[in-house]
Every structure is written in structure tokens, then in C-alpha cells.
Amino acid sequence: MATLDVAAIKADFPIFKRTVRNDHRLVYLDSGATSQKPFQVLDAERNFYENHNAAVHRGAHLLAEEATDAFEHARSNIASFIGANADDLVFTKNATEAINLIAYSFLNATLKSLRGADLPPGSERFVLAEGDEILVSEMEHHANLVPWQELCEKTGAVLRWIGLTEEGRLDLSDTSFFSERTKLVAVTHQSNLLGTVNDVTAIVKLAESVGALVFLDACQSVPHMPVDVVALGVDFIAWSGHKMLGPLGIGCLWGKSEVLSTMPPFISGGSMIESVSMERTTFAAPPKRFEAGVPMAAQAVGMSAAVDYLNDLGMASVAQHEHMLTEAALAGLAGIPGIRIIGPENSIDRGSAVSFVLEGLHPHDVGQVLDESGIAVRVGQHCAKPACLRYGVQATTRATFYIYNDLDDVDALVAGIYSAKKFFGV
Ligand SMILES: Cc1ncc(COP(=O)(O)O)c(C=O)c1O
């Protein structure tokens with residue numbers, strides 16, 4: 001496994017050429033929110049617009065042919081990155097839209113069934129009856145919580161959730177949450193607040209024992225570790241391009257082909273149809289069924305370049321690098337008086353999102369002092385309010401590490417926190 005050459009990596013990211021706040025070097029510790037982009041990704045997107053721009057799957061001309069080829073090549077490349085087939089990968093605006101896609105498929109199937117409509121064979125598993133259950137966890141990002149709350153409210157299904165241990169892990173000691181009524185288990189692979197990496201094998205086993213589908217929110221795992229959907233054994237995953245060096249405005253939903261093929265569409269319109277008459281429409285096979293309208297081809301090409309970039313580094317090396325930084329950060333932070341890590345304090349089954357609170361200091365004040373020194377962190381609830389409340393905090397400061405960070409960045413964070421404490425006299 002190769003060690004990452006951070007200096008060489010940084011040279012690929014134009015943003016690190018600039019300075020911030022009184023000429024400080026940029027210490028970017030907010031990749032959990034969105035990553036920076038290397039010139040390879042920026043060039044790929046620009047090249048698409050400059051040389052091949054056309055609406056994919058629509059024109060009979062050369063540019064349309066080239067644009068379609070580039071778009072479909074991007075699909076295959078991104079699918080391979082997670083060990084999947086291209087036909088099982090759907091492009092969406094972001095992970096949030098991918099999760100809503102599944103939620104609305106359930107809703108649409110349920111509404112049609114209530115009106116006595118004929119559902120295609122296999123679609124019944126998306127029909128929710130009153131009292132059916134959707135199981136999430138207390139550590140979910142709002143993107144993997146609110147759509148399920150909404151779905152339950154509209155259908156009469158019941159939302160249940162797996163609680164968390166003091167240490168910041170899923171509490172699977174009580175498995176009664178998995179019941180005959182559970183239709184879907186929707187959990188995160190890696191918590192964006194706590195850094196916890198969940199035991200997917202255990203979750204899949206429990207879900208299988210009750211016949212439930214499993215959705216994995218892979219926003220914080222696909223960019224950071226090797227992910228193989230076949231090995232994971234889940235039914236769906238979703239993630240966003242912008243957190244893995246790719247452009248904004250593109251995300252992915254992967255689903256097992258036997259599941260996607262029976263799933264009703266979410267957004268309808270052009271490009272997702274098989275045949276249309278004034279009376280009725282039949283829908284195309286996946287992935288097209290879920291990609292109504294002219295898709296984001298330039299972003300797909302950019303995301304594919306991001307995949308190439310990460311493949312060149314090797315995802316095992318990426319994970320190892322982040323593990324090393326996480327260990328250093330946890331060790332450095334542990335020595336600071338009055339600090340409390342929100343999430344596992346050791347680096348076992350843990351990613352690089354490190355959240356903390358400091359006694360006597362508001363996270364926003366910490367973030368502001370760090371920013372004055374060029375250190376970009378995130379403060380607040382990180383779209384995971386229930387998990388914050390579970391640990392009795394209104395907000396945290398969060399540092400997240402990626403391929404362009406090194407031990408100097410960890411040292412800068414620790415020194416910045418001492419400065420904040422000194423500045424506020426705590
Ligand atoms: C774990 C997790 N899930 C879902 C999301 C939502 O991603 P997006 O806003 O790109 O749709 C995020 C973004 O921070 C996340 O960290």
C-alpha cells in the first residue's frame with residue numbers, strides 16, 4: 001500500500017495556491033461538507049463543455065454521440081469504483097435526491113396501490129401499509145431521516161430507530177427493532193458527526209432475518225475507503241460526487257438490479273419512458289427510468305475524473321492515510337484540557353470526522369478563531385441534530401481530513417484550539 005505524497009497531491013488542487021485571512025495558508029478541514037477539486041476534474045468538465053457539449057441520448061449528430069459516450073463511460077467507471085454494473089447506477093443531483101428517490105418510489109407505489117392500480121410484478125415490496133416500519137438510527141444525517149419521516153407521515157408507516165451507545169456506536173444489543181413489519185432499514189455507513197463506521201454485515205443479517213430492504217448512506221464512506229457493494233450485501237447505496245473530489249450537482253444511487261427493476265419512478269418526464277400515448281405511459285428500464293430530463297453529463301464526466309484520481313492513489317492508501325491523521329488528531333486533541341470528543345475516542349472502526357466541544361467555549365467561537373488562522377472547520381449540528389442531542393450538545397466543532405491533509409494540518413488544528421482557549425481566557 002503506497003503512502004500518499006501530500007505535497008504532490010496538493011499541487012493538483014488550484015485552491016491551495018491561494019491564501020486566506022491575512023495571508024495564512026489554507027488548512028482545509030471541512031471535506032466532510034464538500035471536498036476540494038483537483039485540476040484533473042476541473043479540466044475534464046471544461047473539456048466536455050468546450051469540445052463535446054450536447055444533450056445526451058437525444059441528438060442524431062456527432063456531438064450528441066460523443067456526449068452520450070462520455071456520459072455512459074462515466075457511468076461505467078463510477079459503477080466499477082464500487083464494484084457495480086453500470087446499469088444499476090442512477091445519476092441524481094446529490095445523495096439527498098437519491099434518498100428521496102427511494103422514499104418517493106415507496107410513496108408512489110403505495111398511492112397507486114391504494115387506488116387499486118395494477119402494479120408491475122415485484123413492485124408490491126414498495127407498498128407500505130399502515131403500521132409497517134422503517135428503521136433508521138439516531139446518528140443519521142437529516143438527509144437520511146427527514147425523507148423517511150415524511151414518508152411515514154404520508155403513508156401511516158412507523159419510523160423506528162436504533163439508539164447509540166455512550167461511545168458513539170450503534171446500540172445493536174436490542175435487536176427487537178427489527179420486526180416482521182420492517183420494510184426498510186436505512187442507516188449510514190459512516191457518521192458525518194461521530195466518525196463511527198457501522199457494522200454493515202450485522203445490520204444486513206438482521207434486516208435479512210425479517211425480509212427488509214437495506215439502504216446504506218455512503219456519503220462519508222465511498223470517498224474515504226474501498227467500498228464494494230456486492231461484499232456489503234445491501235440493496236441500495238447513495239453518495240454525492242462533491243465529497244469525493246467531483247463536481248457539485250451530481251450524486252449516485254446504486255441498487256441491486258432485481259430491486260431497481262421493480263421500483264416505481266420518482267420524477268417523470270422525458271427520457272425515462274418506454275412508450276407514451278395520451279392515455280398512458282410505460283417506463284424505461286433502470287437506470288433511465290430514474291433519470292428524467294437532460295442529465296448532468298458534464299458533472300458525470302467530472303465525477304468520473306475524480307474516480308480516476310482516487311483510483312490512481314488507491315482507496316486502501318486513502319483510507320490508511322486518513323486513519324493515520326485521525327489517530328494523530330485524536331491523540332493531539334485528547335491532551336487539550338476541557339475537550340470532549342463527540343464520537344469514538346479511538347480510531348477503531350472510525351473515519352476522519354472528529355467532532356468535539358470545549359468547556360466554556362461555544363463551537364462558533366472556536367470556528368471563528370480557527371478561521372482567523374486559515375483553518376476551515378465546520379461548526380453547528382452538522383445536519384445531525386438528534387445525535388447532537390443524544391450526547392447533550394447543541395453544536396460541535398468538526399474537523400474532517402482528506403487526501404490533501406497532513407500532520408502539519410493536525411498540528412495547526414491543535415495549536416488553533418489552544419489559541420482559541422487563550423483568546424477567550426478559558
Ligand atoms: C452522512 C451524510 N449523508 C447525507 C448527506 C447529504 O449529502 P448531500 O447534501 O450531498 O446530498 C451528507 C452531507 O453532508 C452526509 O454527510
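Coordinate-derived values only; no laboratory data. All of these numbers come straight from a predicted model, not from anything done at the bench. Methodologically, a virtual Cβ is constructed for each residue, glycine included, from the backbone with ideal geometry; neighbour enumeration extends over all protein chains shown.
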Expressed to two decimals, the range 113-261 has a Cα Rg over Rh, using the Kirkwood radius, of 0.96
Placing +1 on the Cβ of each Lys and Arg and -1 on the Cβ of each Asp and Glu in the range 45-311, which of Asn100, Ala238, Ile203 has its Cα farthest towards the positive end of the resulting dipole?
Asn100
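Cβ under 14 Å from Gly269's Cβ, Gly269 left aside: what net charge do those residues give with Lys, Arg +1 and Asp, Glu -1? It would help to have the intermediate numbers written out before the result.
Details: positive: Arg58, Lys288, Arg289; negative: Glu274, Glu291.
Within the 14 Å Cβ shell, the charges total +1.
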Note to self: C-alpha centroids of the range 292-335 and the range 21-49 sit apart, in Å, by 12 Å
Would you look at the GNM of the chain, springs on alpha carbons closer than 10 Å, and say which of Met324, Met278, Met225 moves the most?
Met278
Could you check the simple spin-label distance between His142 and Leu313, using points 7 Å along Cα→Cβ, in nm with one decimal?
2.9 nm
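Just need the relative contact order of the chain here, percent rounded to a whole number, with Cα pairs under 8 Å and 6+ apart. Intermediate values should be presented prior to the final figure.
Numbers: 843 pairs, mean separation 98.2, N = 426.
Value for the chain: 23 percent.
Quick check: net charge around Asp43, other residues with Cβ under 14 Å of its Cβ, Lys/Arg +1 and Asp/Glu -1?
Working: positive: Lys37, Arg46; negative: Asp12, Glu45, Glu50, Asp308.
Result for the local shell: -2.
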Charged-residue dipole, Cβ positions (Lys, Arg, Asp, Glu), the chain about Cα centre, Debye nearest 20:
780 debye
Among Ser347, Ser304, which comes first, then next, by fewest other beta-carbon atoms within 10 Å?
Ser347, Ser304
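What is the local net charge at Asp171, summed over the other residues whose Cβ is closer than 12 Å to its Cβ (Lys, Arg +1; Asp, Glu -1)?
Values: positive: Arg169, Arg390; negative: Glu138, Glu166, Glu167, Asp174, Asp199.
Residues near Asp171 contribute -3 overall.
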Mean residue ellipticity at 222 nm from the helices of the chain, using -39,500 (n - 2.57) per DSSP H segment of n ≥ 4 over the full residue count, to the nearest 500 deg cm²/dmol?
-11500 deg cm²/dmol
At what distance in nm do the modelled label points of Lys112 and Ser275 sit from each other, each positioned 7 Å from its Cα along Cα→Cβ?
1.7 nm
To test your reading of the geometry: what angle, between 0 and 90 degrees and rounded to tens, separates the Cα axis of helix 315-334 from the longest principal axis of the chain?
40 degrees
Of Lys243, Lys112, how do they rank once you tally other Cβ atoms within 10 Å and put the fewest first?
Lys112, Lys243
Can you tell me the orientation of helix 62-81 relative to the chain, as the angle in degrees between its alpha-carbon axis and the longest Cα principal axis, to the nearest 10?
60 degrees
Simple label model, 7 Å out from Cα along Cβ direction - Glu65 to Asp171, nm
6.2 nm
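Take every DSSP beta bridge with both residues inside the chain and express the antiparallel ones as a percent of the total, to the nearest 5. Don't skip to the answer; put the middle values down first.
Details: 28 of 47 bridges.
Bridges in the chain are about 60 percent antiparallel.
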Among Asn47, Asn192, Asn144, which one moves the most in a GNM of the chain with springs linking Cα atoms closer than 10 Å?
Asn47
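At a 10 Å Cβ-Cβ cut-off, how would you order Arg280, Arg125, Arg350, fewest neighbours first?
On the way: Arg280 7, Arg125 17, Arg350 24.
Ordered by Cβ neighbours within 10 Å, fewest first: Arg280, Arg125, Arg350.
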In the chain, if the dipole is taken from +1 on Lys/Arg beta carbons and -1 on Asp/Glu beta carbons about the Cα centre, which of Phe48, Thr34, Ala329 is farthest to the positive end?
Thr34
Give the angle, between 0 and 90 degrees and rounded to the nearest 10, that separates the Cα long axis of helix 407-424 from the longest principal axis of the Cα atoms of the chain.
70 degrees
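Per 0.36 nm of contour for each residue apart, how much would the distance between Glu180 and Lys385 grow if the chain were fully extended, relative to their Cα-Cα spacing? Spell out each step's value before the answer.
On the way: separation 205, 0.36 × 205 = 73.80 nm, distance 2.91 nm.
Between Glu180 and Lys385, full extension yields 70.9 nm more.
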